[in-house]
Amino acid sequence: MKSLSRRDTIKSLTLITGASLFSPLTLIGSNFPKKEKLGVALVGLGYYSTDLLAPALQQTKHCYLAGIVTGTPAKEGIWKAKYQIPEGNVYNYKNFDDIRDNPDIDVIYIVLPPSMHMEYVVRAAKTGKQVWCEKPMAMTVKECQTMIDACKEAGVSLSIGYRCQHEPNTQAFQKIIKEKSLGTVQRLDCAAGYRDNRTDHWKQKAEMGGGVIYDMGVYSIQGARLGTGMEPIAVRTAKAWTDRPEIYKKGLADNVTAELEFPGNVIATIKTSFAEQTNFLNINCEKGQIAMEPFSSYAGNKGSSPLGEINFPYDVPWQQANQMDQDSLAILGGKPMAVPGEEGLRDIRIVEAILESAKTGNRVMI
């Protein structure tokens, strides 16, 4: 089997990007810093910031960890000592808006539960700083649009933390689909999930943005959209359930399956779960199958096709560093973000349609 070389894979970084596949947010205004490296403030110091983003910011070339926002005073001293963060760059949720006056901070990265994303993206936009927001973008399409509008009004950029869209293995299979190297897509199957044995995490609380369809579900949705190179037109069927109602309450599901309809009668079957470990993407084309497993992990993503192996290796947290560096370069160059707010909104629109279909049992147009 022919192998896609590291050089060929790197070339795909420039050939296939989120910016080339989707209509990006047009950057407006003149609030783009004239610096060599951007100062990033992390808002929320949970697992993702602590174990992945902060270490990644020690590897980045075009941005660095400049500040933090936390509601836990005990974390302040730990982070200041570990990352040499000045006292003046440490904020809490009450004085968050004072970041507007801090020239060290150029980007505010919202890393909070989804139910808090809209409030803090809007507040961040009003400071005049550039805004990054973790996925899922928000709880509703309306909230997503409010976030997009707030950033446009403030003249700042908004990027959603879909690390995989910056990732070379993902971009390699997108390139095959875009160029129709294996003909047109006929069917797709995708799943993303893991066994979550916690009992009181925010992901297990409906009011905080929990539930698997918002968390791991957007990976399956992204797999279907990027793997077909198209946007779904309807949810044909969907099912949402839990076998652990003592943990997932108020109708919250830890398992969701759905069939998405794409143009040309292409069907994508997706699954997401907090009950089992699963991570794969199979794209069936006219001239063969692209098989990625895993397709959306922090490292180890790889796949195969009749055209050769897809395997660009790297270690954790390279994906996060790569994402932040690429977004920083876009800001420094005054260019559109590769994964703008509109991209996050698309997924939440599909999430809403899946939940409606699961509730009613009906086919739901998107």
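List of remarks:
- Out of 290, 283, 354, sole residue that is assigned to a helix (DSSP H, G or I), surrounded by 23 or more Cβ atoms within 10 Å (Cβ to Cβ) and among the hydrophobic types (A, V, I, L, M, F, W, C): 354
- Hey, residue 257 more than 21 Å from residue 174 (Cβ to Cβ) and hydroxyl-bearing (Ser, Thr, Tyr) or not: yes
- Residue that is over 30 Å from residue 183 (Cα atoms) and either without any contact (Cβ under 8 Å) to a residue 12 or more places away in the chain or surrounded by fewer than 16 Cβ atoms within 10 Å (Cβ to Cβ) (or both), where the choices are 333, 341, 300: 333
- Residues satisfying the stated conditions in region 224-249, i.e. basic (Lys, Arg) and not in a strand (DSSP E or B): 225, 244, 249
- Checked against (1) in a loop (DSSP other than H, G, I, E, B); (2) assigned by TED's automatic domain parsing to the domain that holds residue 174; (3) out of contact with any helix residue (DSSP H, G or I) (no Cβ under 7 Å at 6 or more places or on another chain), residue 334 passes all but condition (2).
- Residue among 217, 288 that is within 20 Å of residue 165 (Cα to Cα) and at pLDDT 95 or above: 217
- Some residue of region 22-44 being modelled with pLDDT under 95, crowded, with 22+ Cβ neighbours inside 10 Å, more than 27 Å from residue 92 (Cα to Cα) and not assigned by TED's automatic domain parsing to the domain that holds residue 174: yes
- Filtered residues of region 338-366 (kept if over 18 Å from residue 253 (Cβ atoms) and either in contact with an Asp or Glu (Cβ under 6 Å, 6 or more places away or on another chain) or of a type in the set (D, E, K, R) (or both)): 342, 343, 346, 349, 363
The values are calculated or read from the model by the stated rules, or taken from the named source; none is laboratory data. In this text, all values refer to a predicted model and were calculated from it rather than measured experimentally. A quick note on method: Cβ atoms are made from the backbone with ideal geometry, for glycine too, and the neighbour counts reach across all protein chains shown.
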